[in-house]
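This report refers to the structure that appears directly beneath it.
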Amino acid sequence: SSSSSSTTSSSTTTPSSSSSTTSSSTTTPSSSSSTTTPSSSSSSSITSTAVVTPTPTTTSSTTTPSSSSSSTSPIPQCTAPQGGTRKEIRGTLVSTKTVVFTEGDEEGVLNPDELVVGKKKGTGLKMSVIKFDLSELQELHDDKNIWIYESNIFLTVSPTSEGKHWKSQITKLHRLAVPWDEVVTNVGQLTSEQNIDESTGQTKQLEKEPTRDMKLKTDFTETLHKWISPYNKNKNEDYYGVALVSQYVDGSDESTDAMDVRYYNFDNVTEEDLQPWLDVCY
């Protein structure tokens, strides 16, 4: 919608200094939230994949979509403002890279169609980063000063967690603070503010080990507003991607061994319905 309309975005609490995070495999931003260090790890491996799949789809409307149109969707989606547009961004991952700390064995090898977040016995801290193609939205913001009214990110948990002990956890969204090549992967720094900015969203609590595909919807409005500011386009922050970092609900240190959380990733074989995607209403 145009910049004259106003909206508020829901904010999510960031991890407190006393709470610790468990993270998974990729890259991570942070300016204000600091995170405790991962447990011992003597070596690290980095893998990367690049996939360009279907382009985003856009639907425009002159009136707000009725509730009946969204009732066919299993998860509620954003509603375009009057005269505005709803856009879906799917399959446009530019690249995904994974940092995995190991103890000198092959446990760091990951399935390329999974985004791993957390820590299990014998490994260090893992964090994953997703990068969607936001270029079209950024161009519209520059040319027409669009206002992002609402946005959600949709993730699917895979029932492939590894480890013997499950701890309740949530996955937090953090903006990557630096380009991937500048992410520091030394022990204790992967999820530090050196790499990731404060959390701007989180998934619902996973209380039990996932035993089936589980779709999660998380508000993405506040996160997106950091890159496409509703106030002044000169305030836009650099876009490097969004990191997925897990945190134990009971406040256990991130070095605590527990089963990891695995989300479906982008690749050429994963069903589109399972891949991470965004909806954006503006």
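The values are calculated or read from the model by the stated rules, or taken from the named source; none is laboratory data. The model shown is predicted, which means the values in this text are computed figures rather than measured ones. Methodologically, a virtual Cβ is constructed for each residue, glycine included, from the backbone with ideal geometry; neighbour enumeration extends over all protein chains shown. For the accessible areas, the whole protein counts, side chains as well, though only heavy atoms, and no ligand, DNA or RNA atoms are used. Shrake-Rupley method; radii C 1.70, N 1.55, O 1.52, S 1.80 Å.
Note on region 212-282: Cα Rg divided by 2.2 N^0.38 Å, N the number of residues, gives 1.45. Assuming a ≥ b ≥ c are the square roots of the Cα gyration tensor eigenvalues, decide whether region 169-261 counts as rounded (a/c under 1.5), prolate (otherwise, with a/b larger than b/c) or oblate. Oblate is the answer for region 169-261, as a/c is 1.5 or above yet b/c matches or exceeds a/b.
Spin-label model, Glu209 to Ile75: label points 7 Å out along the Cα-to-beta-carbon direction sit 2.4 nm apart.
Computed 3J(HN,Hα) for region 252-260, one whole-Hz value per residue from the Karplus formula 6.51 cos²θ - 1.76 cosθ + 1.60 where θ = phi - 60°, is 4, 4, 5, 7, 5, 6, 7, 5, 7, glycine and proline marked x.
Proximity of backbone amide H atoms, modeled 1.01 Å from N, is registered between Phe132 and Val242 at under 5 Å, excluding neighbours fewer than 5 places apart on the same chain. Residues whose amide H lies under 5 Å from that of Glu150, counting only those 5 or more places away or on a different chain, are Cys281; hydrogens are built 1.01 Å from N in the peptide plane. Among the listed pairs Lys164/Lys204; Lys87/Lys215; Lys87/Lys208; Lys208/Lys235; Lys87/Lys164, those whose Cα-Cα separation exceeds 31 Å are Lys87/Lys208; Lys208/Lys235; Lys87/Lys164. Computed over protein heavy atoms with a 1.4 Å probe, the accessible surface of region 152-282 works out to 40 Å² per residue.
For region 221-281, applying the loop criterion from DSSP together with a ceiling of 12 other beta carbons within 10 Å to the chymotrypsin sites (Phe, Trp or Tyr not before Pro) yields Tyr231. Calculated on the Cα set of region 153-212, radius of gyration then Dmax: 14.1, 36 Å. Using a simple spin-label model with pseudo-atoms 7 Å out from Cα toward Cβ, Asn145 and Val187 lie 5.3 nm apart.
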